[in-house]
Amino acid sequence: MRIARVEALHCDGGWRPWTFVRIETDNGLVGWGECSDNRSPHGIAGCVRDLADLLVGQDPRPVERLYWDMLRRVRQNSGGVSHKAMAGIELALWDIKAKALGVPVYELFGGPLRDRMRLYWSHCGTTRARMGTFLGTPPLKTYDDIAALGREVVARGFTALKTNMVIPGEPATVYFPGFASGINTTDGAPTVEILDAIDRLIGTFRAAVGPKVGLCLDLNYNFRTEGVLRIAKLLERYDMQWVEYDNWDPDALLQIKQSTSTRLASCESLVTLRQYRPFLERHAVDVAIIDVPWNGFSQAVQIGRLAEACEINVAPHNYYSHLADLHSLHLCAVLPNVRIMEIDIDDVPWKGPLVTKPPLIRDGHIWLSDAPGWGADIDERVLREHPWPRPGEGGAPLFYGMDPGHMTARPR
Ligand SMILES: [Mg+2]
């Protein structure tokens, strides 16, 4: 069996393009991997093209050897876009190897350790603030609407949710200074207004969902260490599942973790065991977040196992299509130290049809199947019906298609 073709394909995901690697063999097997990143889709697809000549003509089954062949090609550009392209390729190679053997990918890594994984509803309120008109979801005009959303999450069987700095209004906005252009939007000092808005948002959710539902707030990169610490202290009384904060300095995260009873999750932007090692060895976080489409499967498993040896839980970073939902679920199926798995519930109506067999999501869990490979393929007909960039549009990568008025550098 030889690799005949390697290509990257985009699909319109509503407010972000989904990026897939499709690898075809000379005996007709097709493997799929997802490596979506709404910041650099053109770059990732370009890197996949740059790596294709290394793969075509090779046996796809020695996946580790091909990973290291690719790494030697790109290691002067270590991490980032090049590793995301490699990850998409590696995930497609595992799909081919598992299909050739007639087993699910998790079988190749000694699984499964579980038959389902508990989920948290991610971007809860965020997606409705950004894209509610497009999706037809209820508007978030007031804090009563936030409370109704919290009750909806519980009524639909979920036991945890994650939100961002959503501010209800007409229109609702999401406070994202790091994404807004303008003066001082990277200073990262929280104002009294945003501290009040965070307190009111999380307080409203907590009152609506009760004491047992996990609440998470994702701050992304938007504050400096001191600002995040103030927010984490402010939220101590709500017994958060976690506050999530991206920071490249493990000592900064450790300072936060040691200064508050609010649990801290981080590391979603890291790729490779090498980048995670200083964070895990310092015990800088309570929960290490792992992105499978950016790391590939083998690296994700190794990171999860080092986290286990450091007594740290992991949680997949996963705001993508159902193919990536399956990549993350298979990771959960082979690790003994998973806290919970992320998933976007408010999403485009073609998310289900885009895969040949959508995963079963019921009772707040996602259920594992025993189908070969990842358990589903991309339906190329549906993919072609939703091209990205959209015809006649330029394909600007960051939160494509979203009304920029719904992102603000100032709370209002
Ligand atoms: Mg995050």
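The values are calculated or read from the model by the stated rules, or taken from the named source; none is laboratory data. Note that the coordinates shown come from a computational prediction; the quantities given were computed from them, not determined experimentally. Here the Cβ positions follow ideal geometry from the backbone for every residue, glycine too, while neighbour counts run over all protein chains shown. Ligands, DNA and RNA are stripped out before the accessible areas are found, and what is left, the full protein with its side chains, is counted by its heavy atoms. Shrake-Rupley method; radii C 1.70, N 1.55, O 1.52, S 1.80 Å.
Okay, here's what the table says:
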read-out	value
Residues satisfying the stated conditions in region 275-290, i.e. open to solvent by 20 Å² or more (accessible area, probe 1.4 Å) and either under 28 Å from MET70 (Cα atoms) or touching a Ser or Thr at 6+ places or on another chain (Cβ under 6 Å) (or both)	GLN275, ARG277, PRO278, GLU281
Cβ pairs under 9 Å, 6+ apart, first in region 274-287 and farther than 18 Å from GLU244 by Cβ, second of a type in the set (Ser, Thr, Tyr) and open to solvent by 10 Å² or more (accessible area, probe 1.4 Å)	ARG274/SER78
Single unsatisfied condition, MET131 versus (1) within 26 Å of ARG16 (Cα to Cα); (2) of a type in the set (A, V, I, L, M, F, W, C); (3) in a loop (DSSP other than H, G, I, E, B)	(3)
Test result for SER266, of a type in the set (S, T, N, Q) and without any contact (Cβ under 8 Å) to a residue 24 or more places away in the chain	yes
Residue satisfying condition, being under 19 Å from GLU380 (Cβ atoms) and open to solvent by 10 Å² or more (accessible area, probe 1.4 Å), within set VAL6, VAL48	VAL6
Evaluation of PRO293 against (1) crowded, with 23+ Cβ neighbours inside 10 Å; (2) within 30 Å of GLY203 (Cα to Cα); (3) within 16 Å of the ligand (Cβ to nearest atom); (4) under 18 Å from the mean Cα position of the chain (by Cα) (one fails), failing number	(2)
Failed condition for TYR319, given (1) within 15 Å of the ligand (Cβ to nearest atom); (2) of a type in the set (Phe, Trp, Tyr); (3) buried (at least 24 other Cβ atoms within 10 Å of the Cβ)	(3)
Residue selected from region 129-167 under the condition crowded, with 22+ Cβ neighbours inside 10 Å and farther than 20 Å from MET240 by Cβ, by the criterion farthest from the ligand (Cβ to nearest atom)	LEU140
Among (1) over 19 Å from LYS162 (Cβ atoms); (2) within 16 Å of the ligand (Cβ to nearest atom); (3) of a type in the set (Gly, Ala, Ser) - the single one GLY352 does not satisfy	(2)
